[in-house]
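**Student:** Sharing a structure here in structure tokens format.
The values are calculated or read from the model by the stated rules, or taken from the named source; none is laboratory data. These figures come from a predicted structure and were not determined experimentally. Quick reminder, even Gly has a Cβ in these numbers, built from the backbone with ideal geometry, and neighbours come from all protein chains shown.
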């Protein structure tokens, strides 16, 4: 087997993949895009007895556990509320002339943040986030939010199980924060969602008759 230095290749996002596994050839470099996503070289790893897919590193598994916990708690806060309660906004916000976000908006936004980071960026899956729609969202029940979370709760770990450990040091272009590593992307996403969990808990406490 030979070792190729990725710095000598024009594609900066190359990772060492043992092609001998599937072609009988020698160690070569494959583009990151070729390795992730539902059709990528790195197919889903086996599933453990507890139903959780195998991850390439404990760090990725831990990150998913923290993100899952925060999202599950946040979406859970929307349960049992009617439309008026879900869409109620505290009469204060970032600026004096704005209302704060409703519980429905906070949940929709947090799910969008997680989907973008894990599926579209780290996972390389096709898709585009509509941030403006998240902040304009509303609903009469929590059913749509719960359904979306149920889907993402399956799709995100499946996608993360396909990425290699080297994704943590690969670079990604976030539309707001700019260039950051996969590790930074995961940490920022967990921090972002967790902060909105705190906002949602306060909002839930303030909702009249909730």
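**Student:** Please tell me if residue 179 is farther than 15 Å from residue 119 by Cα, at pLDDT 95 or above and buried (at least 17 other Cβ atoms within 10 Å of the Cβ). Break it down into steps so the answer makes sense when it comes.
**Tutor:** On the way: farther than 15 Å from residue 119 by Cα: yes; at pLDDT 95 or above: yes; buried (at least 17 other Cβ atoms within 10 Å of the Cβ): no.
It is false that residue 179 is farther than 15 Å from residue 119 by Cα, at pLDDT 95 or above and buried (at least 17 other Cβ atoms within 10 Å of the Cβ).
**Student:** How do the helices (runs of 4 or more DSSP H) wholly within segment 28-126 filter down when requiring 2 or more residues that are modelled with pLDDT under 95 and closer than 21 Å to residue 186 by Cα: which remain?
**Tutor:** On the way: elements: 32-35, 58-76, 83-86, 103-115.
Helices (runs of 4 or more DSSP H) meeting the threshold: 32-35.
**Student:** Return the residue satisfying two criteria in turn: it lies in segment 137-152 and is in contact (Cβ under 8 Å) with a residue 24 or more places away in the chain and surrounded by fewer than 16 Cβ atoms within 10 Å (Cβ to Cβ), and of such residues it is nearest to the chain's Cα centre (by Cα). Before the answer, list the steps.
**Tutor:** Residues of segment 137-152 in contact (Cβ under 8 Å) with a residue 24 or more places away in the chain: 137-142, 145-146, 148-149, 152.
Now narrow it down to the ones that are surrounded by fewer than 16 Cβ atoms within 10 Å (Cβ to Cβ): 138, 140-141, 146.
On the way: 138: 22, 140: 26, 141: 24, 146: 16 Å.
This residue is 146.
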